[in-house]
Amino acid sequence: MATRLPVSNACPAGIYANPQRQQRGHTSTTSTAGAVAAVAAPPSTFAPQTTRLSAPTIAVNTRHAAPVAPVFAPARRNGDKTTLASMWREIQGEGDWASLVEPLHPLLRAEIVRYGELVAATYKAFDLDAGSKRYLNCKYGKARMLEEVGMAGAGYAVSRYIYAAPDVSLPGVAGACPSRWVGYVAVASDDTARRLGRRDIVVSFRGTVTGSEWVANMMSSLAPARFDPADPRSDVKVESGFLSLYTSEDGAGRFTCGSCRNQLLSEVTRLIKQYQHEELSITLAGHSMGSSLALLLGYDLAELGLNRDGRGNHVPITVYSFAGPRVGNTGFKNRCDELGVKVLRVVNVNDPITKLPGIFFNEKSRVLGGRLELPWSCACYTHIGVELALDFFKARDPACVHDLEAYLGFLKCLKVTKVKKHGAELAGKARKFDLRQSFDAAWRWQMTAIQVSDLVQSLGI
């Protein structure tokens, strides 16, 4: 059975870290398809076994890689290691967050919340007014978007908005689906770069809203990604709906033209070139469907070798996934691991979206008895990276299990107290505190109503 460890004094009360190790697969690639309990785990076990602890808790699946040459050399450091600038590479996933999640390090928790809030800005800036000329797009211009959503002090300048539309047909709708605003690219200011220890390029994506996006999410068949024309890698497959959203062209877009992919690659590479002589990082963050786009972009940049600075060094790529579904098969996961794309998945164990697609055929059904790989293993969906599992639920508001504000509220609302003999009592207090939180319920139900309406329309009901 897994061992519960108390969180350090900088972690919220009532939260525990549950160490679990993800073992390497039988291949020579950096496979982390499964996880096993940290105690007495057989070395050939593949299936993840995330233990659900009493709410509110955090369970951690960490990934231990076989000894390989690092993708990028660790920075030299002198003196204090407690500042973000001095240990940003570890916070961004160098070493797969080892020793930072057992217990959850305060700097890592703060960065998870910070990037989550940059994702939340996409929802706050999203125009839900059907009478507006910017309906289902961003309400504000790039220069003032973060300020308008209450994040004037975020320390980033938005450089480009990103639009996407899947290549799907909706009943009763003639023509192609128009592109909608899905997120933005931003770069750290000089002051923020000094505080972070590097110039951070961030891309934030929202989750599913429109009817066409709902339809794309239901396209659960796997399709080859084929991002590198010189080496298509037919074994690397991703969900066809996410791939369509990422790669489909829209030549008649109202605010932009070209595919989501082309917009992203051109802007990120432009910023890398602009700051090529500085220490750089690429951080991709998204919620729900947005986390899938973030992961596809991370893989795309690494596969094409575009994450290199002016000295030819690799620029680290980190994906912060909030309530994200599975994106691809084992080949996709293995390749992301080989390329050094770091992924931290923040999930709520009560959130059904994080268990899709691949309810039946996933990383748990790849092998039999921990040894025999089954014939359909290449067609199994597989999660990628290190999992940070939360556990919260509100009976009066079941929609909160997938809500980004609920995720962030759970991570930051609890105060620091000692967690030793009073763990159960603190957990109970935390649960009561969680039940009292609104997490901007009015806004969320407005979004939910629009999503349901679009889903019904897309299905022709």
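The values are calculated or read from the model by the stated rules, or taken from the named source; none is laboratory data. Since the model is a prediction, treat every value here as computed from it, not as a measurement. Glycine gets a Cβ as well: all are built from the backbone with ideal geometry, and neighbour counts include every protein chain shown. Note: areas computed on protein heavy atoms with side chains; ligands, DNA, RNA excluded. Shrake-Rupley method; radii C 1.70, N 1.55, O 1.52, S 1.80 Å.
Taking region 115-144, which residues are assigned to a helix (DSSP H, G or I) and closer than 17 Å to residue 286 by Cβ? Result: 115, 116, 117, 118, 119, 120, 121, 122, 123, 124. Scan region 336-348 for residues that are surrounded by fewer than 23 Cβ atoms within 10 Å (Cβ to Cβ) and outside any loop (DSSP other than H, G, I, E, B) and jot them down. Answer for region 336-348, where residues must be surrounded by fewer than 23 Cβ atoms within 10 Å (Cβ to Cβ) and outside any loop (DSSP other than H, G, I, E, B): 338, 339, 345. Against the condition in contact (Cβ under 8 Å) with a residue 12 or more places away in the chain, open to solvent by 10 Å² or more (accessible area, probe 1.4 Å) and in a strand (DSSP E or B), how does residue 161 come out, does it pass? Judged against the criteria, residue 161 is a match. The conditions of being out of contact with any helix residue (DSSP H, G or I) (no Cβ under 9 Å at 6 or more places or on another chain) and either farther than 23 Å from residue 298 by Cα or small (Gly, Ala, Ser) (or both) are met by residue 193.
In the set 324, 312, only one residue is open to solvent by 10 Å² or more (accessible area, probe 1.4 Å) and in a loop (DSSP other than H, G, I, E, B); that residue is 312. All of 301, 284, 295 fail the test of being open to solvent by 10 Å² or more (accessible area, probe 1.4 Å), within 25 Å of residue 382 (Cα to Cα) and touching a helix residue (DSSP H, G or I) at 6+ places or on another chain (Cβ under 8 Å), apart from 295. The condition of being farther than 21 Å from residue 204 by Cα, of a type in the set (A, V, I, L, M) and modelled with pLDDT under 95 holds for only one of 372, 339, that being 372.
Of the helices (runs of 4 or more DSSP H) lying entirely inside region 203-287, the ones with 1 or more residues being charged (D, E, K, R) and more than 26 Å from residue 408 (Cβ to Cβ) are found at 260-274.
Just one of (1) in contact with a Ser or Thr (Cβ under 8 Å, 6 or more places away or on another chain); (2) open to solvent by 20 Å² or more (accessible area, probe 1.4 Å); (3) closer than 21 Å to residue 336 by Cα fails for residue 256. It is (3).
Set side by side, the residues 326, 345 differ, and just one is farther than 17 Å from residue 392 by Cα and among the basic types (Lys, Arg), which is 326.
Say we look at region 108-147 and pick out the residues that are free of Cβ contacts under 8 Å to residues at least 24 places away in the same chain and in contact with a helix residue (DSSP H, G or I) (Cβ under 8 Å, 6 or more places away or on another chain); which of these is least open to solvent (accessible area, probe 1.4 Å)? So, considering only residues that are free of Cβ contacts under 8 Å to residues at least 24 places away in the same chain and in contact with a helix residue (DSSP H, G or I) (Cβ under 8 Å, 6 or more places away or on another chain), the one least open to solvent (accessible area, probe 1.4 Å) is 108. The listed residues are 240, 220, and the only one of them that is touching a Pro at 6+ places or on another chain (Cβ under 7 Å) and open to solvent by 10 Å² or more (accessible area, probe 1.4 Å) turns out to be 220.
Put simply, of 249, 267 the only residue that is open to solvent by less than 50 Å² (accessible area, probe 1.4 Å) and charged (D, E, K, R) is 267.
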